[in-house]
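Below is one structure; the comments refer to it alone.
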2 protein chains.
Amino acid sequence: MELVSENRSFGGRQAVYTHPSNTCGCEMTFAVYLPPQAEERKVPVLWYLSGLTCTHENAMTKGGFQEHASREGLAVIYPDTSPRGEGVADDEAYDLGQGAGFYVNATRDPWKPHYRMYDYITSELRSLVLDHLPLEDCHGITGHSMGGHGAITIALRNAEMFESVSAFAPIAHPTNSDWGRKQLSAYLGDDETAWSNHDSTLLLEEHGWKGDILVDQGASDQFLELLKPESLAAAMARRRQPGQVRMQKGYDHSYYFVNTFASDHVVWHADRLN
Amino acid sequence: MELVSENRSFGGRQAVYTHPSNTCGCEMTFAVYLPPQAEERKVPVLWYLSGLTCTHENAMTKGGFQEHASREGLAVIYPDTSPRGEGVADDEAYDLGQGAGFYVNATRDPWKPHYRMYDYITSELRSLVLDHLPLEDCHGITGHSMGGHGAITIALRNAEMFESVSAFAPIAHPTNSDWGRKQLSAYLGDDETAWSNHDSTLLLEEHGWKGDILVDQGASDQFLELLKPESLAAAMARRRQPGQVRMQKGYDHSYYFVNTFASDHVVWHADRLN
């Protein structure tokens, strides 16, 4: 792990690191916020997975999580959204390839060699940060849009790894959306049975979640037709899954939406992690 | 005024407008945050002046003022830092020309025709927003770096226009700094007597300020030698000026510093404006 930058923020440290990734076969970058409490003791971890086109940097500068994480004593990890660099396959479209890893392990060329964000998040990066930073092995996970999809699908498939899960405007039913079918087909192939492990709605109906779930969704989101919050809301109701999908009047898909509800999500996770 | 974008944020509206500026002789862009209270009544205004290289956009996305302005019922205006566009003089250096207006009215060519940020802020933009937005004629002013310089110098020269003033890491003594001498010389000419109207330390010693002043400064700021907070602190003490210069341990010059203390400044202004 090599330190790229460090800034004092709300009494803690906002740091960016790079490291060689065996899982992704390239150099990876991530950001971490360490609250002031981390100078005295290990602190629980909130993972924040970002959306299409984002790097580790977007939520770090625009999400506004540091203030609340400082108050609540949580670290926040901001991974990148895909492998990157020369020699890593890419696509001209904003929603495939670099910046659009979709938190899966690709099984199809040209993506297979590097696009392993599922393993990267759940195994390699998790081990790395636990080994090198003052973190408790106690985790919550959230994310925005494609990252909300990543947060819910990863939590539901790894209930032993996470104590809490929430999401901001997640891609909620990708097997039935143009934000999903294209990418799952490219990364996993045309056999749709392999896709269901990466669909929050289908996973929730099948497995449920051990705790409660918080989802915030802007009611004026310009991508509602692609996100399909109604599918996830219906699945939660059918499953009798504790939790809430909050439709937030007037909010769009931007970081102004994420920022507004960042405090609620940090408190939600802190209540379940502490 | 033409609306460029609008996002719901903390129950209010984060908007961006453009308008033709007579003062600057070009199209100008500014951002404004209107808190939820502005839907019911006129609200007081906090002006936030940005630093070198910034536009209206930096503090709007990274400053974190919306949350606190929403709670306190203040509007926040984020002007641009210079005139812009083809036909507007510029310089290759980051610290002169576009993005570096220094909040003066230039009297020297090639800057004279457009670089009139002092009049733009104190007169044209002020009238425009009071005419078109639900704002009380009750103003506080703050800013960062070059914008902290702008905030203090504009407030001290226009005490009747502002009820409160604060600054984040202001360029505090530009007549005695490489952040200042170069620009004041270019915009105002080599007669230094014209410069003293644009130097916070000199203005404070001469005029003082009717209220108290809040200045935050990162103790690990990489630009301390250019900012010269010690000159301003000494002037405040010599003048017996109520207020405080807070040296904040570990903080640098970045928006992580601004963001961390945004709440304190918004509350400071709200206490004096309401």
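What's the total number of residues in region A:241-263 that are within 17 Å of the chain's Cα centre (by Cα), within 8 Å of chain B (Cβ to nearest Cβ) and not hydroxyl-bearing (Ser, Thr, Tyr)?
Total meeting the criteria: 2.
Hey, B:Ala194 hits all of (1) surrounded by 18 or more Cβ atoms within 10 Å (Cβ to Cβ); (2) within 23 Å of B:Met117 (Cα to Cα); (3) hydrophobic (A, V, I, L, M, F, W, C) but one; which does it fall short on?
So the condition that B:Ala194 fails would be (1).
Out of all the residues in region A:1-54, which are more than 14 Å from chain B (Cβ to nearest Cβ), touching a helix residue (DSSP H, G or I) at 6+ places or on another chain (Cβ under 8 Å) and part of a loop (DSSP other than H, G, I, E, B)?
A:Met1, A:Asn22, A:Thr23, A:Cys24, A:Ser50, A:Gly51, A:Leu52
Check A:Thr61 against each of (1) in contact (Cβ under 8 Å) with a residue 24 or more places away in the chain; (2) within 14 Å of chain B (Cβ to nearest Cβ) and name the one condition it does not meet.
(1)
Return the residues of region A:177-228 that are charged (D, E, K, R) and under 25 Å from A:Phe257 (Cα atoms); say none if nothing qualifies. Quick ask: steps written out before the conclusion?
Pass one, region A:177-228, residues charged (D, E, K, R): A:178, A:181-182, A:190-192, A:199, A:205-206, A:210, A:212, A:216, A:221, A:225, A:228.
A:Asp178, A:Asp199, A:Asp212, A:Asp216, A:Asp221, A:Glu225, A:Lys228 - these are the residues of region A:177-228 that are charged (D, E, K, R) and under 25 Å from A:Phe257 (Cα atoms).
Please list, ordered by first then second residue, the pairs with beta carbon atoms under 6 Å, 6 or more apart or interchain, first in region A:248-271 and assigned to a helix (DSSP H, G or I), second of a type in the set (D, E, K, R) and at pLDDT 95 or above.
A:Tyr255/A:Lys62; A:Phe261/A:Asp216; A:Val266/A:Glu72; A:Ala270/A:Glu72
Give the residues of region A:85-107 that are assigned to a loop (DSSP other than H, G, I, E, B) and surrounded by fewer than 20 Cβ atoms within 10 Å (Cβ to Cβ), sorted by residue number.
Here is the first cut: in region A:85-107, the residues assigned to a loop (DSSP other than H, G, I, E, B) are A:85-96, A:98-99, A:101-104, A:106-107.
A:Gly85, A:Glu86, A:Gly87, A:Val88, A:Ala89, A:Asp90, A:Asp91, A:Glu92, A:Ala93, A:Tyr94, A:Asp95, A:Thr107, listed by residue number.
Checking the structure you have, find out if any residue of region A:39-52 is touching a residue at least 40 places away in the same chain (Cβ under 8 Å), closer than 29 Å to A:Phe223 by Cα and surrounded by fewer than 24 Cβ atoms within 10 Å (Cβ to Cβ).
Looking through region A:39-52, at least one residue is touching a residue at least 40 places away in the same chain (Cβ under 8 Å), closer than 29 Å to A:Phe223 by Cα and surrounded by fewer than 24 Cβ atoms within 10 Å (Cβ to Cβ).
Looking only at region A:112-132, decide whether some residue is farther than 23 Å from A:Glu163 by Cβ, buried (at least 21 other Cβ atoms within 10 Å of the Cβ) and not hydroxyl-bearing (Ser, Thr, Tyr).
Taking region A:112-132 as the starting set, the residues that turn out to be farther than 23 Å from A:Glu163 by Cβ are A:112-116.
From the residues that got through so far, the ones that are buried (at least 21 other Cβ atoms within 10 Å of the Cβ) too are A:114-116.
Restricting the remaining residues to those that are not hydroxyl-bearing (Ser, Thr, Tyr) gives A:114, A:116.
Yes, some residue in region A:112-132 is farther than 23 Å from A:Glu163 by Cβ, buried (at least 21 other Cβ atoms within 10 Å of the Cβ) and not hydroxyl-bearing (Ser, Thr, Tyr).
The values are calculated or read from the model by the stated rules, or taken from the named source; none is laboratory data. What you see is a predicted model; the values in this text were computed from it and never measured. All Cβ positions, even for glycine, are placed from backbone atoms using ideal geometry, and neighbour counts span all protein chains on display.
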